[in-house]
């Protein structure tokens, strides 16, 4: 058996529109983000999910509710949070983004590394395998957890995950599929 995971990113936030990298700062969706989350419901109306997990940060919880409320149970999970940028949470993206690819094993000051995020996601995947084998699971979260899934489930290196990230290639889609064997 396996767990079928469909990964969704939260809608656009107030920080996104100001070019701020939120990290663990708990910001809300912008009007555009609310609209995106509501429109996603129509884009995926033919998909069925047994359960929805989302980051416990407001932007992911709200995105999950706008898209999935009344369709499947929604469970916030702190393991699905964005990378903790530490002192750089809520700082300009022009400062944070150039640092990100260098923080694979090195922690952001007072924060975590991308390997730390990968460990959180590996723990979450073990939980899914033990409790949701044979199920279809939606996940609503952030960039770092999605990159960690690419590393853990698609066999990419961190460098490949960064280079092929849809944010760089401008290739957003209404959900990315992963299989957890």
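The values are calculated or read from the model by the stated rules, or taken from the named source; none is laboratory data. Please read all numbers here as calculations on a predicted model, not as lab measurements. Glycine gets a Cβ as well: all are built from the backbone with ideal geometry, and neighbour counts include every protein chain shown.
Residue pairs whose Cβ atoms lie under 7 Å apart, sitting 6 or more positions apart in sequence or on different chains, and linking a residue in region 1-28 that is modelled with pLDDT under 95 to a partner that is surrounded by 18 or more Cβ atoms within 10 Å (Cβ to Cβ), do not occur here. Close Cβ contacts (under 7 Å, 6 or more residues apart or on different chains) running from residues in region 161-179 that are on the phi > 0 side of the Ramachandran plot to residues that are surrounded by 10 or more Cβ atoms within 10 Å (Cβ to Cβ) comprise 175/6; 175/7; 175/8; 175/44.
Among the residues of region 63-70, are any in contact with a strand residue (DSSP E or B) (Cβ under 7 Å, 6 or more places away or on another chain) and surrounded by fewer than 15 Cβ atoms within 10 Å (Cβ to Cβ)? The answer is no; no qualifying residue exists. Go through region 72-88 and give me each residue that's in contact with a strand residue (DSSP E or B) (Cβ under 8 Å, 6 or more places away or on another chain) and either over 18 Å from residue 107 (Cα atoms) or at pLDDT below 95 (or both). Answer for region 72-88, where residues must be in contact with a strand residue (DSSP E or B) (Cβ under 8 Å, 6 or more places away or on another chain) and either over 18 Å from residue 107 (Cα atoms) or at pLDDT below 95 (or both): 72, 73, 74, 75, 76, 77.
Tallying residues that are in contact with a helix residue (DSSP H, G or I) (Cβ under 8 Å, 6 or more places away or on another chain), more than 29 Å from residue 45 (Cβ to Cβ) and assigned to a loop (DSSP other than H, G, I, E, B) within region 152-181 yields 2. When each of 20, 75, 14 is tested for being surrounded by fewer than 17 Cβ atoms within 10 Å (Cβ to Cβ) and over 25 Å from residue 181 (Cα atoms), the lone residue that passes is 14. When residue 45 is tested against (1) assigned to a loop (DSSP other than H, G, I, E, B); (2) more than 22 Å from residue 177 (Cβ to Cβ), just one condition goes unmet, and that condition is (2).
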